[in-house]
Amino acid sequence: MSPTRPLDPSRRGELMRGLFHKVRFDTFEAYDDPRCNVTAFTLESFTTTLPLLPADVREEEAYERLMDETLRLAARDRKEFESRTGLSEVHIVPLVSLYGFRLPQVDDEFQPWLVQVDALPRSERAVYRLIASLGWSNARTAEVLGLSEGWTSKLMSRARGTLATAGVSVEELQTGFFDVEIERRKEKE
């Protein structure tokens, strides 16, 4: 039996470019918790898994192995990250980066709106992202961020006002998040 050839650097780069955002997004969706540093877990998974893949690996198989490793890493750290509270413990991956590879599936207005969300002050951005894009309750958001429910409501109101002033249709943006989620679920069927 001959040993399998490792991936050549160009194929490794191709898989990195083609799969990184998908693995990060799917890990983010699997954990639904911004205290899970999906970018760090995804990077570690790619660093440890890609060099072990054979040269003839199919993209689907590479994706499955990378997802397995990323989810294993996140599961290993789950108890620790779920016990963290406070704004400094929330890993806010920029929406343009997180949803960017899926933007062709939604209308052209969506990307500039994501930029506006990413430009919100950190506390408003965190509250908006947890409630609007993840669908968290005000109470859960307040608990994770270490804030009162009243302050969380105020930050959400400010974020919505800032976005509306910047020309973002907050309701259509919410629909865009749902559209991306529907497409993601269709892909998994």
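The values are calculated or read from the model by the stated rules, or taken from the named source; none is laboratory data. Computed from a predicted structure; not experimentally measured. Quick reminder, even Gly has a Cβ in these numbers, built from the backbone with ideal geometry, and neighbours come from all protein chains shown. Side chains included, ligands, DNA and RNA excluded: accessible areas come from the protein's heavy atoms. Shrake-Rupley method; radii C 1.70, N 1.55, O 1.52, S 1.80 Å.
Scan region 130-144 for residues that are under 21 Å from residue 119 (Cβ atoms), assigned to a helix (DSSP H, G or I) and open to solvent by 10 Å² or more (accessible area, probe 1.4 Å) and jot them down. 131, 133, listed by residue number.
Residues in region 21-40 that are open to solvent by less than 20 Å² (accessible area, probe 1.4 Å), part of a helix (DSSP H, G or I) and either at positive phi or not hydroxyl-bearing (Ser, Thr, Tyr) (or both): 23, 24, 25, 26, 28, 38. Number of residues in region 145-155 that are in contact (Cβ under 8 Å) with a residue 12 or more places away in the chain and part of a helix (DSSP H, G or I): the value is 4. Among the residues of this structure, residue 162 counts as one that is farther than 21 Å from residue 33 by Cβ, modelled with pLDDT of 85 or more and surrounded by 15 or more Cβ atoms within 10 Å (Cβ to Cβ).
Given 71, 43, which one is under 28 Å from residue 118 (Cα atoms), open to solvent by 30 Å² or more (accessible area, probe 1.4 Å), at pLDDT 90 or above and within 17 Å of the chain's Cα centre (by Cα)?
Working: 71 fails: at pLDDT 90 or above.
One residue alone meets the criteria, 43.
For the criterion of being outside any helix (DSSP H, G or I) and either of a type outside the set (Gly, Ala, Ser) or surrounded by 18 or more Cβ atoms within 10 Å (Cβ to Cβ) (or both), residue 168 passes. In region 106-122, the qualifying residues are those that are open to solvent by less than 40 Å² (accessible area, probe 1.4 Å) and part of a helix (DSSP H, G or I), and the one that is modelled with the highest pLDDT is 117.
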